[in-house]
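Down below is the structure, laid out as structure tokens.
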Amino acid sequence: MTKAAARRRRRRWGCLPRLLVTLLVLAAAVGWFWWQQNGLSSETISVTSAPDGFAGYRIAVISDLHGKEFGEDNEKLIDYVRDLEPDLIAVTGDLIHDQDQMAMVRPVAKGLASIAPTYYVTGNHEWAAKVVPELEELLEACGINVLSNEYVMLTEGGDQIALLGAEDSNGYADQMTVGELADQVRQEQGAVYTILLSHRNNHYDQYQQARVDLTLAGHAHGGLIRLPTTDGLIGPKRELWPQYTAGLYDLSYGQMVVSRGLGNQFPCFRLFNRPDVPLVVLE
């Protein structure tokens, strides 16, 4: 073999390691991106203001699923929530955003209801898709408790909590406000600790004015792309640098826990912001 031929052979084989490295890097990037969209995560959020009888009470927050399925019939999501061992499951809206997604509702609703008492309030997308009446009827048939501007009383260890559910503001124009619902609770139940399920994180001014003790919300999808020292890059109205998008916040009255949500509506995607099932533990 001549020297020139040997050099050509070395050059040809010399490209192979670089190609393999490039393919491995691309495969790792694709895998990481898939994990960002589909890898379930949870954080435990302690709330210390609840009545003593509810010490250790666990609430799993499901928000903004948007018709997404984690495994067949959402079995991975159901198993994940079951492993959190919640005493109550709060579904805070945007379960679906399209009529065509109704087929996925029954298995996920039955699965959640089999774990713990589950309560649901609407989000903006269910109203925009014009599916609320049939969706609420289906959820109730599957064992989910729908709270449509109403409340229920929870009792543990001799103490009580009022669990309020607010329909999203995309709903009926003349519907009861959060403040009116909270006033109704105080008139009928007196000075009782209140937990509100309401979809929109950016209505926190209404929640603090209503003097709700704890609000569970979603809507912002964690700001979609989470960067250090920020609350995300993009808000629900496509505004930059939104606030109150994930975790526990102290308001001027009461507190608010916001889920980063589970799904998205195309073409949105998540970065540094995996699908989220917050576990709120009352202390």
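The values are calculated or read from the model by the stated rules, or taken from the named source; none is laboratory data. Note that the coordinates shown come from a computational prediction; the quantities given were computed from them, not determined experimentally. Here the Cβ positions follow ideal geometry from the backbone for every residue, glycine too, while neighbour counts run over all protein chains shown. What goes into the accessible areas is simple: the full protein's heavy atoms, side chains included, and nothing from ligands, DNA or RNA. Shrake-Rupley method; radii C 1.70, N 1.55, O 1.52, S 1.80 Å.
Entry note, the chain: relative contact order of 25 percent, from Cα contacts under 8 Å with a spacing of 6+ residues.
Per residue, the solvent-accessible area of the chain (1.4 Å probe, heavy atoms of protein chains only, all protein chains present) comes to 49 Å². Across the accessible surface of the chain, with the other protein chains kept in place and a 1.4 Å probe, carbon and sulfur atoms take up 53 percent.
The count of lysine pairs in the chain that are at least 8 places apart or cross chains, and whose C-alpha atoms lie under 21 Å apart, stands at 5. Taking other residues whose beta carbon is less than 13 angstrom from the beta carbon of ALA141, and scoring Lys, Arg as +1 and Asp, Glu as -1, yields -2. For the range 104-252, a Kirkwood radius taken over Cα pairs fed into Stokes-Einstein (37 °C, viscosity 0.692 mPa s) yields D = 198 µm²/s. Protection proxy ranking for 216-225, 136-145, 170-179, using the average of other Cβ atoms within 10 Å per residue and placing the highest first: 216-225, 136-145, 170-179.
Taking packing as the residue-averaged number of other Cβ atoms within 10 angstrom, the listed peptides 34-47, 106-119 run from highest to lowest as 106-119, 34-47. Classified by the C-alpha gyration tensor, the range 237-283 has an oblate form. Its axis ratio a/c, with a ≥ b ≥ c, is 1.5 or above, and a/b does not exceed b/c. Is the range 109-157 rounded, prolate or oblate when judged by the Cα gyration tensor, a ≥ b ≥ c being the square roots of its eigenvalues, rounded requiring a/c under 1.5 and prolate requiring a/b larger than b/c? Judged from the Cα gyration tensor, the range 109-157 comes out oblate (a/c at least 1.5, b/c at or above a/b). Think of it as helices only: each DSSP H run of n ≥ 4 in the chain is worth -39500 (n - 2.57), and spread over all residues that comes to -9500 deg cm²/dmol at 222 nm.
Would you work out if the range 13-78 is rounded, prolate or oblate? Take a ≥ b ≥ c from the square roots of the eigenvalues of the alpha-carbon gyration tensor; rounded if a/c is under 1.5, else prolate when a/b is larger than b/c, oblate otherwise. Walk me through the intermediate numbers first.
Values: a/c = 5.27, a/b = 2.65, b/c = 1.98.
Since a/c reaches 1.5 and a/b is larger than b/c, the shape of the range 13-78 is classed as prolate.
Taking all protein chains together and a 1.4 Å probe, the residues MET102, MET153, MET256 rank MET153, MET102, MET256 from largest to smallest accessible area. Between the entries [x] 1.22; [y] 1.01; [z] 1.05, the label attached to Cα Rg over 2.2 N^0.38 Å calculated for this structure is [x].
In order along the range 101-108, the Karplus-derived 3J(HN,Hα) couplings, from 6.51 cos²θ - 1.76 cosθ + 1.60 at θ = phi - 60°, round to 8, 4, 5, 7, 6, 4, x, 6 Hz, and Gly and Pro are given as x. In order along the range 182-193, the phi-based Karplus estimate (6.51 cos²θ - 1.76 cosθ + 1.60, θ = phi - 60°) of 3J(HN,Hα) comes to 5, 5, 4, 4, 5, 5, 8, 10, x, 7, 10, 5 Hz; Gly and Pro are listed as x. With a cut-off of 13 Å between beta carbons, the residues surrounding LEU271 carry a summed charge of +4, where Lys and Arg count +1 and Asp and Glu -1.
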